Each structure stands twice: as structure tokens, then as C-alpha cells.
1. Tell me, what is the per residue accessible area of region 49-169 in Å², probe radius 1.4 Å?
2. Report in % the part of the accessible area of region 77-169 that belongs to carbon and sulfur, leaving out ligands and nucleic acids; probe 1.4 Å.
3. Run the numbers for THR160 and ALA10: contour at 0.36 nm per residue of separation, minus the present Cα-Cα distance, in nm.
4. Give the residue from LEU20, ILE48, THR156 lying farthest towards the positive end of the charge dipole for the chain; charges sit on Cβ (+1 for Lys and Arg, -1 for Asp and Glu) and the dipole is referred to the Cα centre.
5. Can you give the charge dipole size of region 22-81 about its Cα centre, rounded to the nearest 20 debye, using +1 on the beta carbon of Lys and Arg and -1 on the beta carbon of Asp and Glu?
6. Give the relative contact order (percent, whole number) for the chain; include only Cα pairs under 8 Å separated by 6+ residues.
7. What is the mean projected area of the alpha carbon convex hull for region 129-169, to one decimal in square nanometres?
8. Which number comes out as Rg/Rh for the chain once both Rg and the Kirkwood Rh are worked out on C-alpha atoms?
Amino acid sequence: WTVMDWREVAERVHEVAAGLLALGVRLEDRVAIAASTRIEWILADIGIMCAGAATTTVYPNTGPDEIKYIVTDSESKAVVVEDKTQLDKIVADDDIAGLVHTIIVIDPTGVTLDDRVISYEQLRELGREHLVEQPNCVDDAIAETTLDHLSTLIYTSGTTGRPKGVRLL
């Protein structure tokens, strides 16, 4: 159990948001998260929103075919995955590779990092660097959003066919 105060949460969220902005994520771009419930999931979700983007949720027990469908249907530009197990479901898929420019791995144990696959800590470091260059970038991204902008896409279970993205504003 680790305690974080609100100042620490804000700092980490701003690092994630600035890192996403540095990677080219823009207003209403989709960023998928495929991870179990953990603090990084929450920080990534809030960071995505603070970058003006929209979270696409993926249950961690979702299989490769459904992940492919959700990521491509939502047109996610980046994906946050928990670990190698989640990464392996998407990294080799050509359709996803053509759409997703960055995959962020929370726990990179056993993962080969490269230009496309980075660690969560690398994302935060990129964010810290971006905040030095553009200290108001996250505040500016937040200011661009309105109540009409997409916040989250949650996909249905698909019991009557393919899952459908439910838009939350």
C-alpha cells in the first residue's frame, strides 16, 4: 500500500498528460487502456482526460480478437497496457500497428522497449521534459475541452453481436 497526496497525484497526472501531448495525442484522440485496476490505470485515465483525449476502456481479460476490434473501431492512437501479457495481445497485429503509434507498458518486465513500445516511466519522463519546454501545455489542453467533448468510450459486452462503443461526454 502506497500513500499519495493530491499534490503527488496532480504531478503524476500532469506528467502523463504532457507525455501524451509530446507524443502527438490531441483533442478527442482515443487512448486505450488494457490493464487491471491499479493506481497507474487511474493516473493514466485522468492524464488522458487532461490531455484533452478520450479513454477507451479494455477489460484485461479481453482476448486478442476483441482487443483488435475495440482498438481499431475506436481508432485509438495509443494504448496503455499493464504488462507483457497485455502487450502480446496487440503488438504483432498489423491492423493495430498501422493505427497505434505508441504502446505504453506499465510493468515492462520481459518486454523489449523501442520507439513504439515505451514504459510508463518513460512516458512520465517525456512528460517532465515537455513540461519544462511548455509549462502550460496541460492547462492549455484542459482549457480546450468543453462539456461536448468525448471523455470515454466504454464497449458493451457484445451479447447481441459486436461490442458497441458507448460515448461518455
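The values are calculated or read from the model by the stated rules, or taken from the named source; none is laboratory data. Bear in mind the structure is a predicted one, so any value in this text is a computation, not a measurement. With ideal geometry, Cβ positions are generated from the backbone for all residues, glycine too; neighbour counts draw on all protein chains shown. For the accessible areas, the whole protein counts, side chains as well, though only heavy atoms, and no ligand, DNA or RNA atoms are used. Shrake-Rupley method; radii C 1.70, N 1.55, O 1.52, S 1.80 Å.
1. On the way: 6390 Å² over 121 residues.
Dividing the accessible area of region 49-169 by its residue count gives 53 Å².
2. Working: 2710 of 5240 Å².
Accessible surface attributable to carbon and sulfur in region 77-169 totals 52 percent.
3. Working: separation 150, 0.36 × 150 = 54.00 nm, distance 4.04 nm.
Taking THR160 through ALA10 to full extension adds about 50.0 nm, to one decimal.
4. The residue sitting farthest along the positive end of the dipole is THR156.
5. Working: 5 positive and 8 negative charges, 30 e Å.
It works out to roughly 140 debye.
6. Details: 305 pairs, mean separation 45.0, N = 169.
The value is 27 percent.
7. Numbers: hull surface 17.2 nm².
Averaged projected area of region 129-169's Cα convex hull equals 4.3 nm².
8. Values: Rg = 15.2 Å, Rh = 15.9 Å.
So for the chain, dividing Rg by the Kirkwood Rh gives 0.95.
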